[in-house]
Amino acid sequence: MQDSTRMSADTKADSAVEGHPQGYATLLERFAQISDLTRAGSLLGWDERTMMPSAGAEGRAEQLATLSRIGHERLTDDSLWELIEELGSWAESVQGDDRLEADTVRVARREAERARRVPVELRAEMTRAASLGETAWAAARGESDFAAYLPHLERNIELARRYADCFEPEGHRYDPLLDEYEPGMGTADARKLLGELRRGLVPIVAALAEHPDAVDPAPLQGSFDVAGQARLANRLLGLLPLPDSSWRLDPTAHPFAAGIADGDIRLTTRYIEDDLSMSLFSVLHEAGHGIYEAGVPAALSRSPVGQLSSLGFHESQSRLWENWVGRSRAFAGLLLPMLREEFPSRFDALGPEQLYRAANYARPSLIRVEADEVTYNLHIALRFELELELFEGGLEAADLAEEWNRRTHDYLGIEVPDDAHGVMQDVHWAAGLFGYFPTYSLGNIIAAQLWEAAAADLGDLEQLIAAAELATLGEWLGDRVHRHAARYLPAELAERSLGRPLDPTPLLRRLGDKYGELYSA
């Protein structure tokens, strides 16, 4: 009965779409249902990390596993694959620039082909283990108890290895994990880009060490009540090009953003009473993600191309708004009056230049999400290298804490006091997100290239920021990046939006110039 009902609805949908081959509307309807299941899982995940009582962890893990199983079954259904095959020759024959429908079929094929390699139960178990792992991580991190967290970490690594083994070993075993977040990029490509970036950072980091006291972070440190921080966060979000009534902001242990549906963006932040910079810049960062999510055309939102191109491009938006806008001199001029209103007497004697310098305080530190622009990418290099060794077979989970501490000393020159400030600081591995970390540095690289392209088109971006004309930059990014959604692989989108492949040179040039000025004698 269900099959006949669905066929009737599918046939009706096909007849309603003119100018497309039989089955195209059916394809859209099938993927709309899969998208709804995925987004429902995202909503449960948002609730799990913001509102859910801790005793609900096991029940939530089962709910998420069920949604994952159903979505995977629909994506791997033989009838869907037959439909994609039927539409394939037509999609390949479409010529010209207006290839939305053909791109939709191509992306649908890629998604279904990858999914069909992975057993349904493995996908469901990965989702279940990730949910349980996050809950265990949150509790163990509070006690800095790596031993309590280790079984969940080992389970996630085991499942990720099984997932990687579902794909033909044409390249590196890590390739399928990276491809999950950065489609089309191989491990060798990521290693090359991140290696160039790391090598270019060495002299910049060394220059910081020559004048460690050149910048004073004190203006953003002290005692800042959480209520005032929350008011400031909401005022900042109102200043950014986020559509009205489309977002909400909530506190969490590890800030993130989630696009639940068209017009429903969930943002989170973390408030630390003695450090205003955490909530200030995490809000700008997550808002960048939200602006990207909101920029996907509503007509695409439930289709195969209605996702985002990659996490590298996703991260480019968050880093651009956090660092290129939020840490600029011009933005300090916008921010200072808000700080004076929300924290009376604290900022009365402070000038915009002092605030700008405090916002750009740079020094090797333990925590990635609190790291400055320069040393941040060293945190990513550490994680990327450890992940590669996990999947090359040279490193086991039980040895991660020791190896983490050693490399933190080697790369950043600091000692790790406990595992909460070391290997347990990030939620990613607890959530089974292997292959995710490299996208952060890729995002920094893309953000620098986008900024150069925007300056060439829009002129002096500092003037736009000073005039609070942030919508102008938002519209430019919408045209260059957001409106394309997932129609193109990241390498193709880079050519369209940047005019060239990814290149760390603009980022290194910006960091060298900016911090050379700030940390000169």
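The values are calculated or read from the model by the stated rules, or taken from the named source; none is laboratory data. None of these values were measured; they are calculated from a predicted model. All Cβ positions, glycine included, derive from the backbone under ideal geometry; neighbour counts span all protein chains shown.
Values as computed for the structure displayed
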quantity: Of all residues making up the stretch 153-199, the number that are over 23 Å from the mean Cα position of the chain (by Cα), under 29 Å from S131 (Cβ atoms) and outside any loop (DSSP other than H, G, I, E, B); calculated: 4
quantity: Selection count where residues are surrounded by fewer than 18 Cβ atoms within 10 Å (Cβ to Cβ) and not small (G, A, S), scope the stretch 64-84; calculated: 8
quantity: Sole residue being more than 30 Å from A164 (Cα to Cα) and assigned to a helix (DSSP H, G or I), chosen from E353, E385; calculated: E353
quantity: Tally of residues being part of a loop (DSSP other than H, G, I, E, B) and among the β-branched types (V, I, T) across the stretch 472-493; calculated: 1
quantity: Tally, over the stretch 249-259, of residues that are within 28 Å of G478 (Cβ to Cβ) and surrounded by fewer than 16 Cβ atoms within 10 Å (Cβ to Cβ); calculated: 1
quantity: Residue tally, condition of a type in the set (A, V, I, L, M, F, W, C), over 21 Å from W46 (Cα atoms) and either touching an Asp or Glu at 6+ places or on another chain (Cβ under 8 Å) or assigned to a loop (DSSP other than H, G, I, E, B) (or both), over the stretch 227-257; calculated: 2
quantity: The stretch 227-236, residues that are within 13 Å of V283 (Cβ to Cβ) and aliphatic (A, V, I, L, M); calculated: A230, L232, A233, L236
quantity: Any hit, the stretch 329-346, residues being of a type in the set (G, A, S), in the same structural domain as F224 (by TED's automatic domain parsing) and without any contact (Cβ under 8 Å) to a residue 24 or more places away in the chain; calculated: yes
quantity: Number of positions in the stretch 427-462 that are in contact with a helix residue (DSSP H, G or I) (Cβ under 8 Å, 6 or more places away or on another chain) and outside any loop (DSSP other than H, G, I, E, B); calculated: 22
quantity: Of all residues making up the stretch 419-460, the number that are more than 21 Å from I380 (Cα to Cα) and surrounded by fewer than 20 Cβ atoms within 10 Å (Cβ to Cβ); calculated: 9
quantity: Some residue of the stretch 125-142 being touching a residue at least 12 places away in the same chain (Cβ under 8 Å), over 29 Å from D426 (Cβ atoms), β-branched (V, I, T) and in the same structural domain as R60 (by TED's automatic domain parsing); calculated: no
quantity: Scope the stretch 208-245; condition crowded, with 16+ Cβ neighbours inside 10 Å and in contact with a Gly (Cβ under 8 Å, 6 or more places away or on another chain); matching residues; calculated: L240, P241, L242
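For every residue, the table says whether it meets (1) more than 23 Å from G326 (Cα to Cα); (2) in contact with a Ser or Thr (Cβ under 9 Å, 6 or more places away or on another chain).
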residue	(1), (2)
A190	yes, yes
L194	yes, yes
L208	no, yes
Q229	no, yes
N234	no, no
